[in-house]
Structures are given as C-alpha cells and as structure tokens.
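J.: Here it is, the structure in full.
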Protein chains: 2
Amino acid sequence: MVVDTLTRTLAALSDPTRRAILAQLKNGPATVNDLVQPFSVSQQAISKHLGYLAKAKLIRKTKEGRQSICELNPLPLRELEGWVMEYREFWEGAINRLDEFLKENKEVRNNGRSK
Amino acid sequence: MVVDTLTRTLAALSDPTRRAILAQLKNGPATVNDLVQPFSVSQQAISKHLGYLAKAKLIRKTKEGRQSICELNPLPLRELEGWVMEYREFWEGAINRLDEFLKENKEVRNNGRSK
C-alpha cells in the first residue's frame, strides 16, 4: 500500500516521544546517545522511534565515524501547516461564537443582579 | 494509558479517509448517509472512522429523529497549528538555504558560460 506523505507525517507525529525527539533537535543535530539520555526509555526504543522519524523524512541520519548524527528536517511540517490552515477560519469562527455566548451570558447575569 | 489530546488528534488525522470526511464537513453538518456516498467504502467502515473522529473530538454527533448528524469541531486543530508553528522558522530557514544554493549554482553555471 502506498501511503501519502501527509499520512506518513501525521502517523510519525502521533507519539509523544517522537515529538519530544523533534523538539530536542530544534537545538541542533544530536547523536543517538544524546537523544537517549533525556528519555526514560531504552536505546532500542529510541532507535525504533528514530527509524520511524527518518522514514517519514522528519529527520536525516548521517554517519560521523562510529556515531550516527540526527538532524531535524522540517520540510514535511510545512505541508502539515498548509493542511491545518485550511481549518483556521472554522476554529476562529467557533471561538468567536463562544466569546459572543459568554458575553451575552454575562450581560444576562448582570442585568439579573441590577434588578 | 492516558493519551494526550495532541496525540489523539494526530492519530485520528493519520488516515486519508478521515481527513476527507473532515474536508466534507467544512461544507456544513451532514448525515452518516451523506458521508458514505462520496467514499468507496462500506457504511460500517465510515461509522468506524466517524467514531474515531468523535472520540478525538474532531466531530460532534447529534441525533435528529432517526438520523445521526455529524458536525466539524475544529478546536483540536488549533492546538495542532500551535504545535506545528513552532517549527516554522526551521522550514523557512531550510527553504532560504535551498534558494541560496540554487542561486549560487546558477551564477556558477552562468559564469562558466560567459568565459
């Protein structure tokens, strides 16, 4: 089955440890060891997560001597931003309606009090 | 296991049919039947996808007589936008570097030609 890139990006991101690894890589490239330390999971588990992120092209792995260096590749996130922004008008609308409702409700309560 | 809301949102979105259902609901609320028609999958499969989306609070389901009406709830997507925007500077940086590289490359080629 061919999986489209957006589906692959979303599936890779749907894990808090993988998102935490990406957040860590915002500070710059890191070795696998650097990435294992902050998490209370085994090196094997981290390697599996890194493999997943690399397959989704969210990170790039290179070899430097014996060490594997991981680097953030933010480009797939641009497609995700494009997708999510198509819903912006809808959540802004929902928030505005909620604000209106709360405002009206407050007015009704205040009017009740002043009587 | 408690799953955080962002993980739940991302997992629900990591399926092209579920994203297509959300896109359909941008046009307004729809019955389950309305939502089955455009897709070449069974009503059972669509119902399963709708259950997934409802659990992730990306849709709201209400009963109108015998019919189930589904409505888009865009609010969880706002959290996703907040998350993805933290990476904007990184993809903008990557695109700028790519542009620079292509520009330099073009100049090198043009200089080569004019000799």
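What follows draws every value from the coordinates through simple rules; no lab data is involved. Quick caveat: nothing in here was measured; it's all calculated off a predicted structure. Here the Cβ positions follow ideal geometry from the backbone for every residue, glycine too, while neighbour counts run over all protein chains shown.
J.: Using 24 Å as the Cα-Cα cut-off, could you pick out the over-long pairs in A:LYS48/B:LYS55; A:LYS26/A:LYS63; A:LYS106/B:LYS57?
T.: Numbers: A:LYS48/B:LYS55 28 Å; A:LYS26/A:LYS63 19 Å; A:LYS106/B:LYS57 27 Å.
Table pairs above 24 Å Cα-Cα are A:LYS48/B:LYS55; A:LYS106/B:LYS57.
J.: On average, how many beta carbons from a partner chain sit within 10 Å of the beta carbon of a residue in A:13-23?
T.: Mean shielding by partner chains, rounded to a whole number: 4.
J.: Determine the sum of side-chain charges near B:ILE59: Lys and Arg each +1, Asp and Glu each -1, restricted to other residues whose C-beta is under 11 angstrom from that of B:ILE59.
T.: Charge balance near B:ILE59 sits at +4.
J.: Here is a follow-up. Enter the mean number of other protein chain beta carbons within 10 Å of the beta carbon of each residue in B:75-85, as an integer.
T.: Mean partner shielding for this stretch: 6.
J.: Also, quick follow-up: Assuming a viscosity of 0.692 mPa s and a temperature of 37 °C, what translational diffusion coefficient in µm² per second does Stokes-Einstein assign to chain A, Rh being the Kirkwood radius over Cα pairs? List each step's numbers first, then the result.
T.: Details: Rh = 17.3 Å.
Here the translational diffusion coefficient equals 190 µm²/s.
J.: One quarter of the convex hull surface, Cα atoms only: what value does that give for the stretch A:74-115 in nm²?
T.: Numbers: hull surface 14.1 nm².
So the mean shadow area of the Cα hull is 3.5 nm².
J.: Within the set of other residues whose C-beta is less than 11 Å from the C-beta of A:ASP15, count the net charge using Lys and Arg as +1 and Asp and Glu as -1.
T.: Surrounding charge for A:ASP15 is +2.
J.: Let me ask something additional. Placing a label point 7 Å from Cα toward Cβ, how far apart in nm is B:GLU104 from its equivalents in the other copies, listed shortest first to one decimal?
T.: Sorted ascending, the copy-to-copy spacings read 6.0 nm.
J.: I need the inter-copy label distances for A:GLY82: point set 7 Å along Cα to C-beta, values in nm with one decimal, smallest first.
T.: Spacings between copies for this position, smallest first, are 2.6 nm.
J.: Can I ask one more? Over chain A, what is the relative contact order in whole percent, taking alpha-carbon pairs under 8 Å and six or more residues apart?
T.: The value is 25 percent.
J.: Mean-square fluctuation check for chain A, GNM, Cα pairs under 10 Å: which of A:LYS63, A:LYS103, A:LYS55 is largest?
T.: A:LYS103
J.: Separate question: With the Cα gyration tensor of the protein assembly as shown in hand, give its eigenvalues times 5 under a square root as the equivalent ellipsoid semi-axes, listed largest first in whole angstrom.
T.: 40, 23, 22
J.: Another one. Between copies, how far does the label point of A:VAL32 sit from its twins, in nm, shortest first, when each point is 7 Å from Cα along Cα→Cβ?
T.: Distances between equivalent label points, in nm: 4.7.
J.: Taking R0 as 25 Å, what's the FRET efficiency between B:PHE101 and A:ILE69 from their Cβ-Cβ distance, rounded to 0.05?
T.: 0.75
J.: Taking the Cβ of each residue in A:VAL84, B:VAL36 as the centre, tally the other Cβ atoms inside 10 Å and list the residues starting with the fewest. Provide the component values of the computation, followed by the final result.
T.: On the way: A:VAL84 22, B:VAL36 18.
Listing A:VAL84, B:VAL36 from fewest to most nearby Cβ atoms yields B:VAL36, A:VAL84.
J.: Determine, from the Cβ-Cβ distance of B:VAL32 and A:ALA45 and an R0 of 30 Å, the FRET efficiency 1/(1 + (r/R0)^6), rounded to the nearest 0.05.
T.: 0.15
J.: Take each of the peptides A:70-79, A:92-101, average the number of other beta-carbon atoms within 10 Å over its residues, and list them starting from the highest.
T.: By packing density, highest mean first, the sequence is A:70-79, A:92-101.
J.: Helix-only estimate, please: 222 nm mean residue ellipticity of chain A, summing -39500 (n - 2.57) across DSSP H runs of length 4 or more and dividing by its residues, to the nearest 500.
T.: So the helix-based figure for chain A works out to -20500 deg cm²/dmol.
J.: Cα centroids of the stretch A:19-68 and the stretch B:1-76: how far apart, whole angstrom?
T.: Computed from Cα coordinates, the inter-centre distance equals 34 Å.
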